[in-house]
Amino acid sequence: MKLTFTKIILLLVALSFAIAASAQKIQDGKLWLNEDGSNYFKVTLISQVWVRNTVMNPGTTINGYAKDNYTDIGIRRARLQAYGQIADRVFIYSQIGINNFNFLSDRKAGFFVHDITGEYEVAKAKLSLGAGLTAWNGLSRYAAPSVGSILGLDAPLFEQTTNDVTDQFLRKLSIYAKGKFGKLDYRLVMSSPMAVQKSNGYSATLTDYSTYSAKPAKMQWQGYFQWQFLDQETNTTPYATGTYLGAKKVFNIGAGFQYQPDAMWRKGASITDTITSAMSHFAVDAFYDAPLNTLKGTAISAYATYMHLGHGPGYIRNQATMNPANGSNKPGVLNGGGNGYPSFGSGSLIYGQVGYKFKNNLIGSTTLMPYASLQHASYNRLATTMNYWELGTSWLLKGHTSKLTFAYQNRPVYETLTAGAKAIQTERKNSFVLQYQVFLN
């Protein structure tokens, strides 16, 4: 569903005036709908713009022209959220926006619906039931990241295992249950996968390698459970905070799963033989985010996960965020053209990220938060382990409200030299990205 930006703004302005007319007051960015603020409505807006230089993968072409290096500007994300506890026990959440708008994108692209859900609180704090197009997912913490509070440049997108293959930028048509029992936070989700035929680059050709089945999909089941040892995190929305910048002391350990029967298929021994298999993933992770010196404002943020990914034999998929290229003249390069690298696959991976926030007022009224991250994966389609790493720093001009992030990314290039053989790493390529974020929250 697409809407023009002007229509969206006009609708939201009209809605805000209508709600404000019946609201008691505005506090903390919320329109209070009753005297104590327990019923409220809130609107947020975020913009993330990238300026980037990419050393391209071998064989890269842009509209048929060979390119080995390219600089571009793009809108990584533009989002608008509108949500609230509009009545006792009744919560509504919606989000619209665009992703990855660059010089190759269709012009006059409309905002589209990311989320639209309705939720009813059955038992206070312990159980809420909801349904709609939603990011309530299982498996791991950043299967649904809060994009406005990301530690570094971007979230670990591989945790969104079906991103834009059988979902809409991680959102699924789902029914979910969520809640808290003491320090245990949980979510359980039943999702109806979207048709793989609508995914970018879909091919109906069966090979020896597992891909998503084009048959009508069976329900997908997922869940995530975490024990929150210290300060409690909110579960009002599905999105997990990247870093609190020292505002909270959080230590969580979590575990999750994702399962769909007959989700994958591949070629069997004969042309008429098709082998189907389940998609089966599980993960464990840990998150620590806390102040180090409350007087100075220093803080640390750390996250680590282990994931076992069962897409079926030989499954591999590239991640090419806001790809600055649209072609390749070297089909043997597994990465494809541009900035792609084999981020998703069957096998296991370990991921970690850590950041350190310097004292407040380090540079005038601003400060810095350098970070590092590493994705280390063993996928059965690759001859060697895959390592993708990133170093960067965020200049916190005003917390997450206004920040400038610079990142250096280093990715491996894999090539298949012999048909049917595992891909081998032949070289590494770099990208340099500068992002400016403005977040009205």
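Observations on the structure shown:
- Fewest-first ranking of His308, His281, using other Cβ atoms within 10 Å as the exposure measure: His308, His281
- Mean separation of Cα contacts under 8 Å (6+ apart) over length of the stretch 362-441, as relative contact order %: 26 percent
- Cα centre as origin, Lys/Arg/Asp/Glu Cβ charges: the stretch 2-440 dipole, Debye: 380 debye
- Cross-link reach list, aspartates and glutamates versus Lys429, counting only Cα pairs under 16 Å and skipping chain neighbours closer than eight places: Asp68, Glu390, Glu415
- Footprinting exposure proxy ranking of Trp389, Trp265, Trp136, fewest other C-beta atoms within 10 angstrom first, gives Trp389, Trp265, Trp136.
- Helix 5-22 and the longest principal axis of the C-alpha atoms of the chain enclose an angle of approximately 30°.
- Positive-end residue of Ile316, Asn53, Asn252, charge dipole of the chain with Cβ unit charges: Asn53
- Straight-distance crosslink candidates among lysines, where the alpha carbon sits under 21 Å from Lys30 and sequence neighbours closer than 8 are dropped: Lys42, Lys398
- Relative contact order %, the stretch 243-342, counting alpha carbon pairs below 8 Å whose residues are six or more apart: 24 percent
- If the Kirkwood radius is taken over C-alpha pairs of the stretch 201-346, then at 20 °C and 1.002 mPa s the Stokes-Einstein diffusion coefficient equals 115 µm²/s.
- Three semi-axes describe the equivalent ellipsoid of the stretch 24-73; taken as square roots of 5 times the Cα gyration tensor eigenvalues and ordered largest first, they are 51, 9, 7 Å.
- Since only Ala304, Asn410, Ala66 are under comparison, the one whose Cα sits farthest along the positive direction of the charge dipole of the chain, derived from C-beta charges on Lys, Arg, Asp and Glu, is Ala66.
- Gyration tensor (alpha-carbon) shape descriptor, the stretch 135-186, a/c threshold 1.5: oblate
- Leading residue at positive end of dipole, the chain (Cβ point charges), from Ala263, Phe225, Phe158: Phe158
- The stretch 65-92-the stretch 273-320 distance, computed between alpha-carbon centres (Å): 21 Å
- Shape of the stretch 59-103, Cα gyration tensor, a/c cut at 1.5: prolate
- Under 27 Å from Lys215, Cα to Cα: lysines that are on another chain or at least 8 residues apart: Lys172, Lys198, Lys267
- Each Cα pair under 8 Å and six or more residues apart adds its separation to the average, and for the chain the resulting relative contact order is 14 percent.
- With eigenvalues of the C-alpha gyration tensor scaled by 5 and rooted, the stretch 187-235, Å: 35, 12, 11
- Computed log₁₀ I(q)/I(0) - Debye formula, equal Cα scatterers, no solvent, the chain, q 0.08, 0.14 Å⁻¹: -0.47, -1.53
- Around Tyr212: net Lys/Arg minus Asp/Glu count, Cβ-Cβ under 13 Å: +2
Every number here is computed from the coordinates shown, using simple stated rules; none is lab data. As the structure is a prediction and not an experimental result, all values here were calculated from the model. Note that we place each Cβ from the backbone using ideal geometry, even for glycine, and neighbour counts take in every protein chain shown.
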